[in-house]
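Input: a single structure, listed below in structure tokens.
The values are calculated or read from the model by the stated rules, or taken from the named source; none is laboratory data. Only a predicted model underlies this, so the values are computations on that prediction, with no experimental measurement involved. For neighbour counting, all protein chains shown are included, and Cβ atoms are generated from backbone atoms with ideal geometry for every residue, glycine included.
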Amino acid sequence: MTTSDLYAKHVLPTYGRFPLVPVRGSGCRLWDETGKSYLDFCMGIAVCSLGHCHPRLVEAIRHQAGELMHVSNLYQHPLQAELAEEINEHHVRLAGKVFFSNSGAEANDGLIKAARRFGLKRPQPDGSQRYEVLTFLQSFHGRTLGSMAATGQAKIQEGFDPLLPGFRHLPFNDIAALEAAIRPETAAILLEPIQGEGGVNCATPEFIRAVAGICEKHDLLLFFDEVQAGFGRCGDAMAWRMIAPEIEPDGISWAKGMGGGVPIGAFWLSDRAIDHDGAAVSSLLGPGSHGSTYGGNPLVCAASLAVLQEIREKELPMNAILQEVRIRETVRSWKLPVITEVRGQGLLLGIALDPARIPAPEGKTPALVVVNKLMERGLIVPPAGPNTFRLLPPLNVTDDEVDEAMAIIHSVLEGLGIGG
């Protein structure tokens with residue numbers, strides 16, 4: 001039986017999968033079962049920060065697999081402590097503490113639990129608990145029941161009622177709407193500095209600063225979801241610093257690029273004091289309040305430590321900035337009306353398309369038409385909504401690889417007869 005046959009017989013059809021069967025990867029290249037080579041600008045949707053099978057990551061996994069793969073979180077192991085130190089000292093660069101999970105959805109669930117504990121510790125004037133978390137339209141925070149309820153996209157939530165209560169979804173970058181939305185039960189605001197799945201939409205500096213000011217005014221926690229944007233992809237270790245560098249959040253969630261391909265996520269809580277006794281945000285989740293069987297085990301911590309150290313030591317966020325400049329200049333030089341804009345930061349970029357210029361058959365969006373054509377030509381990119389596709393190459397992508405990808409994109413758009 002073919003791989004597709006085995007999927008049809010044995011795997012739940014929860015994904016609309018492309019007709020591609022990858023079997024090997026190296027750097028920016030991926031090969032399918034027929035031996036065809038692709039330039040991969042999807043990277044597992046911003047997961048493989050160093051490309052496929054980076055030697056430092058492979059060696060870290062190989063070595064640790066021979067030493068110790070898993071122990072319970074009832075015990076301490078050095079790599080989890082070292083990884084938390086790496087994150088705090090070199091990436092967040094603020095005082096706080098880290099919890100390790102297996103995914104970004106789980107990390108966001110942890111932030112939601114912290115918000116509810118905060119609302120219990122600092123209740124409404126009448127003594128009742130605050131519990132509400134405000135999020136934004138076109139956001140994506142995961143597919144667990146909690147993170148799905150936080151997500152501001154109805155299509156993600158369809159068929160799963162009743163959703164977990166305690167969330168409202170507001171217009172993104174709308175300061176007035178946010179100011180008007182605060183209620184006595186509101187406890188926290190959660191936002192992506194750059195919305196990835198929702199279309200690569202950037203928060204403005206004015207909006208992030210306003211969110212921070214509203215949080216301070218109303219005693220709310222400020223959470224950033226950097227699951228897709230974090231750890232160098234947007235040009236800084238933390239994506240929010242590319243937009244409003246002076247802001248200090250109370251919590252951050254991560255996953256994807258922090259492991260280079262191994263399943264690891266994390267959330268961070270600040271050591272900022274939240275009462276007159278000096279209790280910190282990071283004290284909200286104490287023993288017995290949260291847990292994970294596999295989260296932060298020795299194998300994934302060894303892998304993540306190798307990835308984050310490589311990103312930092314090789315200054316790969318700077319390469320993300322330089323390649324963004326080259327990509328934007330190249331697109332600008334094409335003068336193709338089908339491209340309405342390039343959104344995003346660093347190497348989390350979205351190329352927005354004019355749907356009127358792309359003939360799309362029924363059941364396919366303009367973005368899917370272009371993504372499939374690019375794949376036929378040997379370039380893998382993911383869509384981001386109906387009219388946008390993303391460029392998510394590894395942070396160590398070279399000039400030649402970017403040039404090759406841009407040539408394919410230009411050729412495909414012209415070949416569709418939509419260049420002029």
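Structure data summary
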read-out: All positions within segment 53-76 that are part of a helix (DSSP H, G or I), aliphatic (A, V, I, L, M) and either in contact with a Ser or Thr (Cβ under 7 Å, 6 or more places away or on another chain) or in contact (Cβ under 8 Å) with a residue 40 or more places away in the chain (or both); value: 57, 60, 61, 65
read-out: Segment 25-48 - residue that is more than 24 Å from the chain's Cα centre (by Cα) and in contact (Cβ under 8 Å) with a residue 24 or more places away in the chain and, of those, farthest from residue 404 (Cα to Cα); value: 33
read-out: Residue list for segment 220-278, restricted to those being within 19 Å of residue 322 (Cα to Cα) and acidic (Asp, Glu); value: 236
read-out: Given (1) closer than 22 Å to residue 233 by Cα; (2) at pLDDT below 95, index of the condition residue 402 fails; value: (2)
read-out: Search result, residues across segment 238-255 that are closer than 16 Å to residue 91 by Cβ and surrounded by fewer than 24 Cβ atoms within 10 Å (Cβ to Cβ); value: 241, 242, 245, 247, 248
read-out: Elements of type strands (runs of 3 or more DSSP E) contained in segment 77-176, each with 3 or more residues being touching a His at 6+ places or on another chain (Cβ under 9 Å); value: 132-136
read-out: Some residue of segment 404-417 being in contact with a strand residue (DSSP E or B) (Cβ under 9 Å, 6 or more places away or on another chain) and free of Cβ contacts under 8 Å to residues at least 24 places away in the same chain; value: no
read-out: In segment 197-214, the residues that are surrounded by 21 or more Cβ atoms within 10 Å (Cβ to Cβ) and modelled with pLDDT of 95 or more; value: 200, 201, 202, 203, 208, 211
read-out: Output for segment 148-180, where each listed residue is loosely packed, with under 12 Cβ neighbours inside 10 Å, within 20 Å of the chain's Cα centre (by Cα) and closer than 20 Å to residue 130 by Cα; value: none
read-out: Long-range neighbours under 6 Å by Cβ, at least six apart or interchain, first residue assigned by TED's automatic domain parsing to the domain that holds residue 252 within segment 104-129, second at pLDDT 95 or above and part of a helix (DSSP H, G or I); value: 105/147; 108/147; 109/146; 109/147; 112/146; 129/119; 129/120
read-out: Cβ-Cβ under 6 Å pairs, at least 6 apart or on other chains, segment 261-272 side assigned by TED's automatic domain parsing to the domain that holds residue 248 and hydroxyl-bearing (Ser, Thr, Tyr), far side in a strand (DSSP E or B) and surrounded by fewer than 24 Cβ atoms within 10 Å (Cβ to Cβ); value: 270/96
read-out: When residues of segment 341-370 are limited to those that are in contact with a Lys or Arg (Cβ under 9 Å, 6 or more places away or on another chain) and either farther than 30 Å from residue 242 by Cβ or not aliphatic (A, V, I, L, M) (or both), the one surrounded by the most Cβ atoms within 10 Å (Cβ to Cβ); value: 344
read-out: Flag for residue 253 being outside any strand (DSSP E or B), touching a helix residue (DSSP H, G or I) at 6+ places or on another chain (Cβ under 9 Å), modelled with pLDDT of 95 or more and in the same structural domain as residue 87 (by TED's automatic domain parsing); value: no
read-out: Residue check for residue 26: polar (S, T, N, Q), outside any loop (DSSP other than H, G, I, E, B) and assigned by TED's automatic domain parsing to the domain that holds residue 327; value: yes
read-out: Candidate set from segment 256-290 (those that are surrounded by 21 or more Cβ atoms within 10 Å (Cβ to Cβ), at negative phi and outside any strand (DSSP E or B)); member that is nearest to the chain's Cα centre (by Cα); value: 257
read-out: The listed residue being free of Cβ contacts under 8 Å to residues at least 60 places away in the same chain and either surrounded by 15 or more Cβ atoms within 10 Å (Cβ to Cβ) or hydrophobic (A, V, I, L, M, F, W, C) (or both), out of 335, 373, 314; value: 373
read-out: Tally, over segment 79-101, of residues that are surrounded by fewer than 21 Cβ atoms within 10 Å (Cβ to Cβ) and closer than 21 Å to residue 65 by Cβ; value: 3
